Amino acid sequence: MTTETRAFPPRTLSAVKAVYARQAGCPSSVAVAVTDFEPWTEGVEFETADTCTVPGWPDARVAELQEAFGSGVREELEELATLNPGTTVAVAVVLRSIKVHEVDSHPRAFRQAGRQAVRNALLKAYGPPSTPWPRLP
């Protein structure tokens, strides 16, 4: 049996949308983000575009959501490399935009949206997985 090596992403994946919305009582969770995944040197480079702002929200609060999103992206990509030893992660992730709910958006929701963005990028690049992903909490 041979292990096929591949790099993620195989090509530029533009406008990958991630939505994490959970309504299970109060508090709820809402996070919406659009990202680009671009081939890069080995490892993960994360940056936010200048357009990634939220009118009326303090910069520090937006930065906290952006950082949480980046953490989720890194966590999911680490799992990808662990579960698929033939996959080399070599990606620049550019967070293009986020949308928030004034009450229900928080760092944990954006962390989960980051994980969802990676899964959506994988779907766009390779199609559905052979086994289902575990549910996000």
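The values are calculated or read from the model by the stated rules, or taken from the named source; none is laboratory data. Here the structure is a predicted model, which means the values were calculated and not measured. Here Cβ is always computed from backbone atoms with ideal geometry, including for glycine, and neighbour counts include all displayed protein chains.
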Is there a residue being surrounded by 14 or more Cβ atoms within 10 Å (Cβ to Cβ) and part of a strand (DSSP E or B) anywhere in the stretch 49-65?
no
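Sort out which residues of the stretch 79-135 are assigned to a strand (DSSP E or B), hydroxyl-bearing (Ser, Thr, Tyr) and under 30 Å from GLY56 (Cα atoms), and write them in order of number.
SER97
One residue is enough: does the stretch 12-20 have a residue meeting the conditions under 23 Å from PRO134 (Cβ atoms) and outside any strand (DSSP E or B)? Full working, then the answer.
Narrowing the stretch 12-20 to residues under 23 Å from PRO134 (Cβ atoms): 13, 16-20.
From what's left, outside any strand (DSSP E or B): none.
Looking through the stretch 12-20, none of the residues is under 23 Å from PRO134 (Cβ atoms) and outside any strand (DSSP E or B).
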Subset of the stretch 33-68 [at pLDDT below 95 and of a type in the set (Val, Ile, Thr)]
THR41, VAL44, THR48, THR51, THR53, VAL54, VAL62
Is there a residue being loosely packed, with under 12 Cβ neighbours inside 10 Å and either among the aliphatic types (A, V, I, L, M) or in contact with a strand residue (DSSP E or B) (Cβ under 8 Å, 6 or more places away or on another chain) (or both) anywhere in the stretch 94-108?
yes
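When you check PRO132 against the structure, is it exposed (fewer than 14 other Cβ atoms within 10 Å of the Cβ), under 30 Å from THR5 (Cα atoms), of a type outside the set (Val, Ile, Thr) and free of Cβ contacts under 8 Å to residues at least 40 places away in the same chain, yes or no?
Working: exposed (fewer than 14 other Cβ atoms within 10 Å of the Cβ): yes; under 30 Å from THR5 (Cα atoms): yes; of a type outside the set (Val, Ile, Thr): yes; free of Cβ contacts under 8 Å to residues at least 40 places away in the same chain: yes.
Criteria met by PRO132.
Would you point out the residue of the stretch 73-90, among those that are over 16 Å from GLN116 (Cβ atoms) and among the β-branched types (Val, Ile, Thr), that is nearest to the chain's Cα centre (by Cα)? Outline the logic, then answer.
The first filter runs over the stretch 73-90 and keeps only residues over 16 Å from GLN116 (Cβ atoms), leaving 81-90.
Filter once more, keeping what is among the β-branched types (Val, Ile, Thr): 82, 87-89.
Values: THR82: 17, THR87: 18, THR88: 17, VAL89: 14 Å.
By that ranking, first place goes to VAL89.
Which of the following residues is farther than 13 Å from ALA31 by Cβ, loosely packed, with under 15 Cβ neighbours inside 10 Å and either in contact with a strand residue (DSSP E or B) (Cβ under 6 Å, 6 or more places away or on another chain) or of a type in the set (Val, Ile, Thr) (or both): THR87, THR82?
Numbers: THR87 fails: loosely packed, with under 15 Cβ neighbours inside 10 Å.
Being farther than 13 Å from ALA31 by Cβ, loosely packed, with under 15 Cβ neighbours inside 10 Å and either in contact with a strand residue (DSSP E or B) (Cβ under 6 Å, 6 or more places away or on another chain) or of a type in the set (Val, Ile, Thr) (or both) holds for just one of THR87, THR82, which is THR82.
Output the residue which, of all residues in the stretch 1-26 that are β-branched (Val, Ile, Thr) and modelled with pLDDT of 95 or more, is nearest to GLU42 (Cα to Cα). Step through it out loud before you land on a result.
Filtering the stretch 1-26 for residues β-branched (Val, Ile, Thr) gives 2-3, 5, 12, 16, 19.
Checking which are modelled with pLDDT of 95 or more leaves us with 12, 16, 19.
Working: THR12: 15, VAL16: 21, VAL19: 27 Å.
Filtering first and then ranking leaves THR12.
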